[in-house]
Amino acid sequence: MRFVILLLKVLFLCREISSERLHRQIYSSIEGGAACFRRLNGTHQVGCSSSESGAVGAVHMIREENDALWLVHNSTAGPYIAVVNTALFGDVIELLLAEPDNVAGVLLYDNATVRPEAFSQESQCPNEYSSTESTCSTTKPGGTVWNAKGTGLLRRNIPFPIFYLPQSRAEEIVKIEKCYSRYNLDKANQKGQPLCSIQLNSFMFAVLDTQVCLRRSTSTSPLFTPTKVCDPLGDYNVYYSLFSRAKPTKPVFLVTARIDAASLFDGVAPGAASSVVGMVTLIMAAASLAQMIPFTDAHLYDKNVLWTLFNGESFDYIGSQRVAYDIRRGKWPPLSPLKPTDIKLHVEVGQIGGSLPMYTNSSWPMYAYTPYDINKSPVIPPPITEFLAAMSNNLNGMTLMPEFSTNLPPSSIHSFRRILRNETQNGHLPEVLLTDYKDTFTNLFYESALDEADNIGFVYHNISIGANGTFIPTETLLQNGTMSAGEPQVKVARLATALARTLYRQLAGTEYTGNVSASAHLADEMLHCFVESQACRLLAAAELAGGAAAADARPAPLYVGVSAWPAAPAACAAHLLALLAGRPRDADRAACDKLDEPGFSFYYLKGWNHTGMCIQTTVNLSQAVSPAFIIPGHNMRSQEYSTWTESVWHAMWARVFVSASGAGARVAAATGAVATVLATALTYWLRRHAATVFALTTPAGTTTEILRSVNC
């Protein structure tokens, strides 16, 4: 008996091994792909989803526009998975969307040797419905179109799945091309032949709009258990004040930038020019000003500087809407909340970086947009004129051109102008937006997978950092030939220095005469960390002591994500601000954890030599979740606040295989039909002749019929 059981186990194991080998022979996984997924707002669903079983189609390589025309008009063995590179994607996607009947999906890959002229899936008027006083509109003739190369795919409902393969996964495309060349090249005779095929699986649970998906997620129906099908977008904002916000409070200069970026694809949102350059500039300026004015000198100044990084700005300004909403109701920051009248000037470091590769010398034209109608009141508020004059004087070879207009580019300032309307429109809250473009974006890869290091002309120099966190001054790097004046690191450092010295002038009333300036060496490290690799020296030093090392050598995606799962970029930015602008304290970890002073936080970071470092800082985090999700009974279709949510999904994967020709299936069907007919005829004949065929002879020579039933 034991032998029989053992034999059965061996046979079962052999069967499993055989099945696994057969599966591997049939399917080959496509590794490293990122899928387009579904998001929803108060009125629509956008993005992509496959069916629950995935989308299956024959491979069709699109190498020119005629290949796409053949797919939608002349193909015979569809549906197809279109495999297209980023250089052609913009030329063919509209054709595939217009004629989707024969398109099962799209596999998009980045070909580093053929870079497109532009690649932006954002709309031509980003965040149009959350902006104010703007003539930007795709429906109004003559209006300013900020993102002229935008395709709007990020805001559209796409009827088939799209997967993206980065350049680092080029071997997967080679595998698909070999399969395609072997089976699919003969376009005229594909019908009925074995074909190289791809299956894309990215099934999304949420549908219709945010209101419907939230209702389904919280349903109290007794007929079924509610299952979460979507999550609100959101994360954390980061804020840091030069001096403590503990009472007595002081009026502030509010300086802001954005953290996040976006793209069509999960886990791919590099945002080099869209957000990283602005964020790095703000952090470097904050660190420089902290060296110029130690927070221990707070009693010498009657104003403060509040630096803030907003998160979720790609989706109707989530982070800045929440801050403006909380200021209006007296709840931000939590310690000594601001009143709108406390903000003497709001300066936003907007989208900068797109024009960096255009200027190989030291020049980098900057524009200062002020939402001000000079025709109604010719007197420009003094805080604005003072800031612009000081900034121009400190730019060191770069230019700053004022733009007075109510037509404001996409920026966080729109949130303040909508939510704090009375204070902003009557001039009580002066605002300035710094950009590197006029009338239209210089960043032709805005909110896309290709807004990478190359888009800002960045090349990492990998210069060693001093043992105590010292960085080589910019002028030294220029003099010894390590860097040139045209490199983005130098320009970002000079812009940060100009901003810090301008704010010093606003606080102190006199020009800064010291030698503190932002270092291009620090800019080199920070840009490397955010646009190339999280596994960098700077982020390693800024990690909490005892935490796991950041081993991922890829850039962190800057997509805001969902509020239930905080992402890394906000925490990284907060720790960097603490490390670079905070005050080191002589305390071990136990002592650091016990420190408590009003208005300050204490972080125990790994530090420059990774032995631990206690930092005293005012850095803190606040929720970047839209007011729409905290206001009871809010009308999600009102468009008053951002209502973006993200669908839930189980898994997203892709694989390539050779589909059967269909001949085997036809033979099997024919054989089954013939067998059925023969079996029917035989059964009929047996029933007609049952008495003869099934007759038995008894020992006495008599006959009897077999019993027709057995009573068990």
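The values are calculated or read from the model by the stated rules, or taken from the named source; none is laboratory data. Since the structure is predicted, the reported quantities are computational estimates derived from the model, not experimental observations. Cβ coordinates were reconstructed from backbone atoms using ideal geometry, including for glycine residues, and neighbour counts include every protein chain displayed. Please note that ligands, DNA and RNA were not included when accessible areas were found on the heavy atoms of the full protein model with its side chains. Shrake-Rupley method; radii C 1.70, N 1.55, O 1.52, S 1.80 Å.
One line per residue, one yes/no per condition, for (1) within 29 Å of Val432 (Cβ to Cβ); (2) open to solvent by 10 Å² or more (accessible area, probe 1.4 Å); (3) among the basic types (Lys, Arg):
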site	(1), (2), (3)
Gly466	no, yes, no
Ser484	no, yes, no
Thr510	yes, yes, no
Met526	yes, no, no
Glu532	no, yes, no
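Of the conditions (1) under 18 Å from Gly47 (Cβ atoms); (2) touching a Pro at 6+ places or on another chain (Cβ under 9 Å); (3) open to solvent by less than 20 Å² (accessible area, probe 1.4 Å), Thr86 fails just one. Which one is it?
Of everything listed in (1) under 18 Å from Gly47 (Cβ atoms); (2) touching a Pro at 6+ places or on another chain (Cβ under 9 Å); (3) open to solvent by less than 20 Å² (accessible area, probe 1.4 Å), Thr86 misses just condition (1).
Taking the options Leu522, Leu507, Leu478, Leu503, name whichever one is under 22 Å from Met358 (Cα atoms), modelled with pLDDT of 95 or more and assigned to a helix (DSSP H, G or I).
Values: Leu522 fails: under 22 Å from Met358 (Cα atoms); Leu507 fails: under 22 Å from Met358 (Cα atoms); Leu503 fails: under 22 Å from Met358 (Cα atoms).
Being under 22 Å from Met358 (Cα atoms), modelled with pLDDT of 95 or more and assigned to a helix (DSSP H, G or I) holds for just one of Leu522, Leu507, Leu478, Leu503, which is Leu478.
Are any of the residues in segment 307-321 in contact with a helix residue (DSSP H, G or I) (Cβ under 8 Å, 6 or more places away or on another chain), open to solvent by 20 Å² or more (accessible area, probe 1.4 Å) and on the phi > 0 side of the Ramachandran plot?
yes
Restricting attention to segment 394-409, does a residue exist that is under 26 Å from Ala286 (Cα atoms), of a type in the set (Val, Ile, Thr) and either open to solvent by 20 Å² or more (accessible area, probe 1.4 Å) or out of contact with any Asp or Glu (no Cβ under 9 Å at 6 or more places or on another chain) (or both)? Quick ask: steps written out before the conclusion?
At the first step, the residues of segment 394-409 found to be under 26 Å from Ala286 (Cα atoms) are 394-403, 408-409.
Applying the additional criterion that residues be of a type in the set (Val, Ile, Thr) yields 399.
Restricting the remaining residues to those that are either open to solvent by 20 Å² or more (accessible area, probe 1.4 Å) or out of contact with any Asp or Glu (no Cβ under 9 Å at 6 or more places or on another chain) (or both) gives 399.
So far as segment 394-409 goes, yes, one or more of its residues are under 26 Å from Ala286 (Cα atoms), of a type in the set (Val, Ile, Thr) and either open to solvent by 20 Å² or more (accessible area, probe 1.4 Å) or out of contact with any Asp or Glu (no Cβ under 9 Å at 6 or more places or on another chain) (or both).
Taking Phe441, is it of a type outside the set (D, E, K, R) and farther than 28 Å from Lys303 by Cα? Working first, answer last.
Working: of a type outside the set (D, E, K, R): yes; farther than 28 Å from Lys303 by Cα: yes.
Answer is yes for this residue.
Any residue in segment 244-254 that is closer than 30 Å to Tyr301 by Cβ, small (Gly, Ala, Ser) and at pLDDT below 90?
Quick first cut of segment 244-254, residues closer than 30 Å to Tyr301 by Cβ only: 244-254.
Adding the requirement that they be small (Gly, Ala, Ser) leaves 244, 246.
Restricting the remaining residues to those that are at pLDDT below 90 gives 246.
Yes - at least one qualifying residue is present in segment 244-254.
For segment 366-373, does any single residue satisfy the condition of being surrounded by fewer than 17 Cβ atoms within 10 Å (Cβ to Cβ) and farther than 22 Å from Leu444 by Cα? Outline the logic, then answer.
Taking segment 366-373 and keeping what is surrounded by fewer than 17 Cβ atoms within 10 Å (Cβ to Cβ), we get 373.
Filter once more, keeping what is farther than 22 Å from Leu444 by Cα: 373.
Yes: one or more hits.
Looking at (1) surrounded by 19 or more Cβ atoms within 10 Å (Cβ to Cβ); (2) out of contact with any His (no Cβ under 6 Å at 6 or more places or on another chain), which is the one condition that is false for Ala542?
Answer for Ala542: the failing condition is (2).
Which pairs turn up if I take residues in segment 636-647 that are touching a residue at least 12 places away in the same chain (Cβ under 8 Å) and among the basic types (Lys, Arg) and look for partners that are open to solvent by 20 Å² or more (accessible area, probe 1.4 Å) and in a loop (DSSP other than H, G, I, E, B) with beta carbon separation below 6 Å, at least 6 apart in sequence or on another chain?
Arg637/Thr43
Among the residues of segment 157-190, which ones are surrounded by fewer than 13 Cβ atoms within 10 Å (Cβ to Cβ) and hydroxyl-bearing (Ser, Thr, Tyr)?
Ser168, Ser181
So, in segment 322-353, exactly how many residues are part of a strand (DSSP E or B) and open to solvent by less than 20 Å² (accessible area, probe 1.4 Å)? Let's see the steps before the verdict.
Within segment 322-353, the subset part of a strand (DSSP E or B) is 343-349.
This time we only want the ones that are open to solvent by less than 20 Å² (accessible area, probe 1.4 Å), so: 343, 345-349.
Residues in segment 322-353 being part of a strand (DSSP E or B) and open to solvent by less than 20 Å² (accessible area, probe 1.4 Å): 6 in total.
With a cut-off of at least 3 residues that are under 28 Å from the mean Cα position of the chain (by Cα) and touching a residue at least 40 places away in the same chain (Cβ under 8 Å), name the helices (runs of 4 or more DSSP H) lying wholly within segment 356-466. Spell out how you get there, then give the answer.
Working: elements: 382-394, 413-419, 421-425.
Passing ranges, in order: 413-419.
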